[in-house]
Each structure stands twice: as C-alpha cells, then as structure tokens.
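Visitor: Below is a structure I'd like to ask you about.
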Amino acid sequence: MDFRSRLQGELLARLLLGPERESSMLDLAVMLRTDLGTITREVERLVRADVLVLRRTETGVLVVRNTGSALHEALVRLLMLTFGPSAVLAEEFGKLPGVEQVHLFGPWAARYLEIPGPVPGDIDALVVGAVSRDAAFDAAQEVTARLGLPAHPV
C-alpha cells in the first residue's frame, strides 16, 4: 500500500503504532493540524481499504485500527520504518544544532529488532552531543505531538 501523502502516513502512524486507542475525527484533525474534511476523506479511504474501522457511539463516530485486516501486520512494519519513532526522532532531533547522534532504546528498539513484546506506550531516546536540555525537550514534544506517544530524551 502506497501512502497518498505525508498526512495519511502520520494518520496511520498515530492510529496503528503504540497502544490501541479510539479517536474522533475532530481529535485527529486537531492532533494532525489539518481540517476536519481532509481527515474525514482520509479515514473514509482507509476504512474502504479495510485498514481502519468506524465505531458509532451515542456521542459520535470513533476511528480505530482494524487488527483483523490482512494488511495490519505488514502495514505496522512499514509504518515503523517510514513514520515511526525512529524516523520521527531522526527528523526532529536532526534539526537541533549540536546533536551528534540519537539512539532509540527500550521497548521500541526491541520492536525494531523484531523482539516480541507488548506494544510500547512511550519512546525512549538517547541524545548524544552538545545540545541544550530545553532544545531536547522541545524536540521530544514535537515527537509526542506527531506520534501521540510520550517521548523521553536522555
């Protein structure tokens, strides 16, 4: 499956990586910094592709991953490599002056090495170089905003 856009990749990363969660389309639009119409169209495409499902409640419609889809496992692996913690950490911390290296460690590092375990609920990053603590925490906040998973720089 090709990603239509960066937005679609980030939408899928938010919904398929990390602990299972349900989100409203409005919440997704706010988190991904786009309009509701765009999110609605992307979600509808992914529902038709059997990647996501909609769950109707008394208060509205919630979007959730479809773990029963034949595409689920392969898509999660692809997302890990393209829009997952490793890629997002490299992008956000790579912007900072003084950063020499950034290493993912903990449960996410284990998942990248294909070591089985529960879906990680946060991201641990070792930052090497002469970078200010405030700048590292700001970059971690961007990682958190993009993936919906708390990021902890060390």
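The values are calculated or read from the model by the stated rules, or taken from the named source; none is laboratory data. Just so it is clear, the model here is predicted, and its values are computed rather than measured. Backbone-built Cβ (ideal geometry, glycine too); neighbour counts: all protein chains shown. To get the accessible areas, we keep the full protein, side chains included, count just its heavy atoms, and leave off ligands, DNA and RNA. Shrake-Rupley method; radii C 1.70, N 1.55, O 1.52, S 1.80 Å.
Visitor: Within the range 122-146, restricting attention to residues that are in a strand (DSSP E or B) and among the aliphatic types (A, V, I, L, M), which residue is farthest from residue 79 (Cα to Cα)?
Guide: First, the residues of the range 122-146 that are in a strand (DSSP E or B): 123-129.
Retained after the next criterion (residues that are among the aliphatic types (A, V, I, L, M)): 123, 125-128.
Numbers: 123: 15, 125: 19, 126: 22, 127: 23, 128: 25 Å.
Across the range 122-146, the extreme among qualifying residues is 128.
Visitor: Residue 62 - would you say it is more than 27 Å from residue 24 (Cα to Cα), in contact with a strand residue (DSSP E or B) (Cβ under 8 Å, 6 or more places away or on another chain) and at pLDDT 95 or above?
Guide: no
Visitor: Out of contact with any Phe, Trp or Tyr (no Cβ under 8 Å at 6 or more places or on another chain) and loosely packed, with under 13 Cβ neighbours inside 10 Å: is that true of residue 98 in this structure?
Guide: Yes: the conditions hold for residue 98.
Visitor: Residues of the range 106-120 being part of a loop (DSSP other than H, G, I, E, B) and open to solvent by less than 90 Å² (accessible area, probe 1.4 Å), which ones?
Guide: Scanning the range 106-120 gives 106, 115, 117, 119, 120.
Visitor: List the residue pairs whose Cβ atoms are under 8 Å apart, where the first residue sits in the range 23-37 and is under 14 Å from residue 60 (Cβ atoms), the second is among the hydroxyl-bearing types (Ser, Thr, Tyr) and open to solvent by less than 80 Å² (accessible area, probe 1.4 Å), and the two are 6 or more positions apart or on different chains.
Guide: 25/40; 29/38
Visitor: Considering (1) open to solvent by 40 Å² or more (accessible area, probe 1.4 Å); (2) touching a Leu at 6+ places or on another chain (Cβ under 9 Å); (3) under 17 Å from residue 14 (Cα atoms), say which one residue 87 fails and leave the rest.
Guide: (1)
Visitor: Looking only at the range 45-52, decide whether some residue is among the basic types (Lys, Arg), surrounded by 19 or more Cβ atoms within 10 Å (Cβ to Cβ) and in contact (Cβ under 8 Å) with a residue 24 or more places away in the chain.
Guide: No, because not a single residue in the range 45-52 is among the basic types (Lys, Arg), surrounded by 19 or more Cβ atoms within 10 Å (Cβ to Cβ) and in contact (Cβ under 8 Å) with a residue 24 or more places away in the chain.
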